[in-house]
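The values are calculated or read from the model by the stated rules, or taken from the named source; none is laboratory data. Fair warning: this is a prediction, and the values are worked out from it, not measured in the lab. Neighbour counts run over all protein chains shown; Cβ positions are idealised from the backbone, glycine included.
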Amino acid sequence: MTDDDPVESWFRAAGRREDDLRRIDALVRAAAPDLGRELVPVGSGTMLGYGLLPYRTRSSSTTTRWPLIALAAQKRHLPLYVCAVEDGHYLPEVRADRLGTVSCGRSCIRFTTADRVDAGALAELVRDAAEGTAQGRNEFFAG
């Protein structure tokens, strides 16, 4: 990696959150090593996306690429998005009680530091999301 690496620049720009972001990034990459990793523009910022796949919202006529998993740096918390739906249920929402001291929405896991996350449960969630997607079971990306 060079000093010009955009992912490295993204980490450094996170300031005091850099170490937590790197820890979650390492966990995601270890749990799902086959997912590619790249920066994804969102609004006026960027997220670190893993496993970009074709995606189209119901209201759109164009297909774009969206990450299966995405990590962002917010001012008050760190969100990890896991866009995995099986049997009509979002995996993060279903497993929220196992993930540690976090707040969960349908696809979003929010935490203030990496220490608040149960690393084993999060790794299992990431692994299951990647495997389910590879096997065609992820309804989030069903077209």
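Results, tabulated for the structure shown:
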{"quantity": "Residue in the stretch 112-129 that is touching a Gly at 6+ places or on another chain (Cβ under 7 Å) and basic (K, R) present", "calculated": "yes"}
{"quantity": "Pair list, Cβ < 9 Å and 6+ apart or interchain, from the stretch 50-62 residues that are assigned to a loop (DSSP other than H, G, I, E, B) to residues that are exposed (fewer than 10 other Cβ atoms within 10 Å of the Cβ)", "calculated": "R56/T62; R56/G143"}
{"quantity": "Flag for L68 being modelled with pLDDT under 95, touching a helix residue (DSSP H, G or I) at 6+ places or on another chain (Cβ under 9 Å) and closer than 25 Å to L125 by Cα", "calculated": "no"}
{"quantity": "Search result, residues across the stretch 1-38 that are of a type in the set (A, V, I, L, M, F, W, C) and either more than 13 Å from the chain's Cα centre (by Cα) or farther than 20 Å from G120 by Cβ (or both)", "calculated": "M1, V7, W10, F11, A13, A14, A30"}
{"quantity": "Those residues of the stretch 106-134 which are assigned to a loop (DSSP other than H, G, I, E, B) and either modelled with pLDDT under 95 or within 13 Å of the chain's Cα centre (by Cα) (or both), in sequence order", "calculated": "R106, S107"}
{"quantity": "Residue within the stretch 4-16 that is under 17 Å from I109 (Cβ atoms) and either free of Cβ contacts under 8 Å to residues at least 60 places away in the same chain or among the basic types (K, R) (or both) present", "calculated": "no"}
{"quantity": "Number of positions in the stretch 15-53 that are closer than 14 Å to V117 by Cβ and polar (S, T, N, Q)", "calculated": "0"}
{"quantity": "Candidates R116, R137, R95 - the one that is more than 23 Å from D19 (Cβ to Cβ) and surrounded by fewer than 17 Cβ atoms within 10 Å (Cβ to Cβ)", "calculated": "R137"}
